[in-house]
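Presented below is the structure to which this report refers.
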């Protein structure tokens, strides 16, 4: 029971802090605000809800039409939902309660694993509590608590760190194997980051380690063998991820060397606690989130003045610290550690690695702590106050952050001045740390709510998951248009639709306002009463003469329409000359009330206004069209980045008669469903001479297709969509999605079973 005491105490403290923060900020279940922030609103929560509801219904999701035009469900599972801890959501009916239960469980377990790590480093109960609370509610957590797919790695990282140290120092591999396998099974992205960290850390430690060459070789063999076992345990996940990446066609982009580097003052500000903003699109406006209590910043500075720590250890950790800082500034290393991709938005997702490093230094400092350091600490704190003032004056530090940090620097200074080894001072330090963490938790939670969704009200009758039926398969956003708001989507599908102007700047989502009625009709978007099914017969010119990029994306949509129906100019160009030109701002007078489509594909647009009212000012420079309802005599002003050779504005309007004609031509050759499920479509279809079967389903060879009972292979239409060759006549067609991972799953299960048997055998042997 004595061994369990710190775990119980720390877990209770963390739970109480969470409850207080939720209650004060009027958050569910204590109020009507939500913690579904940023992408959690349109991705994490509805995906989790969809996943859990399917489990409750006893349905194994093999394929889903709830993301975009359809994709294997494993795409979303691998990145967002693979954590076994997500299954706690089964206990709840309310979608927000499901989401919150996952966050709370992972938060409490973070405290437990940090308590384990700390208890292995010290037997001081106060220090163990301080470490558990500060790591759990570190800057990284405060910026990412709603990123449920990343929380697992952060949660178990202290256990992994202990296992790694045990492997390096004592050749004990069990904890390392188990924790690494779990990390790889929970999220491949963060797993990649941790694996790179492990490789660099191992090389660094083994080089510095004073040991015989033969022992280093043996240690290398053990760590390689242990890593292989972890890989084999998670082989299903690794293989499925690799297979999914091949299917999605995700390219490896290049580092942006023109991108601004992290401002130095932003880095300095990161060492102070307080508001921790998750993400902004530009590096110059963000900072890495690795702050712990201000006590750890004090400790970091003091570490290098601590005479009781050897010069060798100082140099070793200085080099490691410099490497961490260099990692934040190096565009190449940033690019590599982010999986050979330039991240969208939040730029320092790996900053929790520095957090555990600061904890290790804090522990070393504490072991040598005595009253003789009081004067040095006072000097350090005065220096921090000066830095704090400079940050407030010259780096736009929020006033509440300034007051917050100043208050606790003064509080710690007073305690350090009078500190001795009496237990009362240890209690006071612990209490102040708890108060500091609580205040920061309250401030940050409120800040994230207000900046992300403006305190979006939560109604128990409202679910961000949209009801799915046979005709309406859009899910992850409250829109009647095409939506694939997921990091795991078909890249080739994105490229195809880009040529027709259908995308957004983050390659994730298309809204109703950006699509034409023609597009919605052709691609089975339930935007009105006239839309075609997922499967219908079209002219075979689409197959023999695929769409190529033209002058504008809407011209491409016209070309596509003509190829499948034989009808041209369903979208008509509407050219308006500029009535006024003033310093790259062009004014256009609308002479007819209509629904227009305006292009910003050429990426030369700085801003657009309609009757002097800004229109989507943050989005106009993206590669897609905008649907505008314009009235006669409306003034459209467009400010370009560069002057135009031709000042005419090209808009498009839909020719209603021709759009209806397209529908009439194609409607008779639609599938008539007898079965409509996520992974099984079946029905009858009429095919005329010189036609092929077109589907608005991404191309995937794992679709098992039969026509009149005879198996046939899909063909690729455009670059990304699936088609079927078929003879003239009325046919029974069946599409079943079948993809299994029997061999990878067998390898994972077998390895885990053998490992468990080995551990049991070793335990009995030792007993």
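Residue 12 meets all of the listed conditions (1) surrounded by fewer than 23 Cβ atoms within 10 Å (Cβ to Cβ); (2) within 30 Å of residue 130 (Cβ to Cβ); (3) touching a residue at least 12 places away in the same chain (Cβ under 8 Å) but one, namely (3). Only a single item in (1) in a helix (DSSP H, G or I); (2) farther than 17 Å from residue 270 by Cβ is not met by residue 384, and it is number (2). Scoring residue 122 on the criteria (1) more than 30 Å from residue 421 (Cβ to Cβ); (2) surrounded by fewer than 16 Cβ atoms within 10 Å (Cβ to Cβ); (3) in contact (Cβ under 8 Å) with a residue 12 or more places away in the chain leaves a single failure, condition (1). Would you check which residues across the stretch 725-746 are closer than 30 Å to residue 715 by Cβ and surrounded by 15 or more Cβ atoms within 10 Å (Cβ to Cβ) and list them? Result: 725, 726, 731, 733, 734, 735, 736, 737, 739, 741, 744.
Among residues of the stretch 497-513 being crowded, with 22+ Cβ neighbours inside 10 Å and modelled with pLDDT of 60 or more, the one that is farthest from residue 651 (Cα to Cα) is 497.
All conditions but one from (1) free of Cβ contacts under 8 Å to residues at least 12 places away in the same chain; (2) out of contact with any helix residue (DSSP H, G or I) (no Cβ under 8 Å at 6 or more places or on another chain) apply to residue 92; the one that does not is (2).
Of 353, 390, all but one fail to be crowded, with 19+ Cβ neighbours inside 10 Å and closer than 21 Å to residue 286 by Cα; the exception is 353.
What do you reckon, is residue 265 modelled with pLDDT of 70 or more, buried (at least 20 other Cβ atoms within 10 Å of the Cβ) and over 30 Å from residue 206 (Cβ atoms)? No; evaluated as a whole, the condition is false for this residue. Scanning the stretch 391-431 for residues that are assigned to a helix (DSSP H, G or I), out of contact with any helix residue (DSSP H, G or I) (no Cβ under 7 Å at 6 or more places or on another chain) and free of Cβ contacts under 8 Å to residues at least 40 places away in the same chain gives 393, 399, 403, 407, 410, 414, 418, 423, 424, 431. Residue count for the stretch 557-573 under the criterion of being surrounded by 17 or more Cβ atoms within 10 Å (Cβ to Cβ), farther than 19 Å from residue 670 by Cβ and either modelled with pLDDT under 85 or in contact with a strand residue (DSSP E or B) (Cβ under 6 Å, 6 or more places away or on another chain) (or both): the result is 2.
When the stretch 669-698 is filtered for residues that are under 12 Å from residue 538 (Cβ atoms) and not in a strand (DSSP E or B), the ones remaining, listed by number, are 669, 688, 690. Of the strands (runs of 3 or more DSSP E) entirely within the stretch 556-606, those holding at least 3 residues that are under 27 Å from residue 642 (Cα atoms) and under 39 Å from the mean Cα position of the chain (by Cα) occupy 594-599. Considering the stretch 579-588, the residues that are surrounded by fewer than 19 Cβ atoms within 10 Å (Cβ to Cβ) and touching a strand residue (DSSP E or B) at 6+ places or on another chain (Cβ under 6 Å) include one that is farthest from residue 693 (Cα to Cα), namely 580. Does residue 70 meet the test of being modelled with pLDDT of 85 or more and either crowded, with 23+ Cβ neighbours inside 10 Å or closer than 27 Å to residue 432 by Cα (or both)? So residue 70 does not fit the description; no. Considered as a group, the residues in the stretch 437-453 that are in contact with a helix residue (DSSP H, G or I) (Cβ under 6 Å, 6 or more places away or on another chain) and at pLDDT below 85 include one that is surrounded by the most Cβ atoms within 10 Å (Cβ to Cβ), and that residue is 444. Would you confirm, using the coordinates I've provided, whether residue 301 is at pLDDT 75 or above and either out of contact with any helix residue (DSSP H, G or I) (no Cβ under 9 Å at 6 or more places or on another chain) or on the phi > 0 side of the Ramachandran plot (or both)? Judged against the criteria, residue 301 is not a match. Please determine whether any residue of the stretch 747-763 is surrounded by 13 or more Cβ atoms within 10 Å (Cβ to Cβ), closer than 30 Å to residue 689 by Cβ and touching a helix residue (DSSP H, G or I) at 6+ places or on another chain (Cβ under 9 Å). No.
Among the residues of the stretch 722-745, the one identified as touching a helix residue (DSSP H, G or I) at 6+ places or on another chain (Cβ under 7 Å) and in a strand (DSSP E or B) is 723. The set of residues from the stretch 415-425 being surrounded by 14 or more Cβ atoms within 10 Å (Cβ to Cβ) and either modelled with pLDDT of 85 or more or within 39 Å of the chain's Cα centre (by Cα) (or both) comprises just one member, 415.
The values are calculated or read from the model by the stated rules, or taken from the named source; none is laboratory data. Just so you know, these numbers come straight off a predicted model, no measurement behind them. Every residue, glycine as well, gets a Cβ built from its backbone with ideal geometry; the counts of neighbours run over all protein chains shown.
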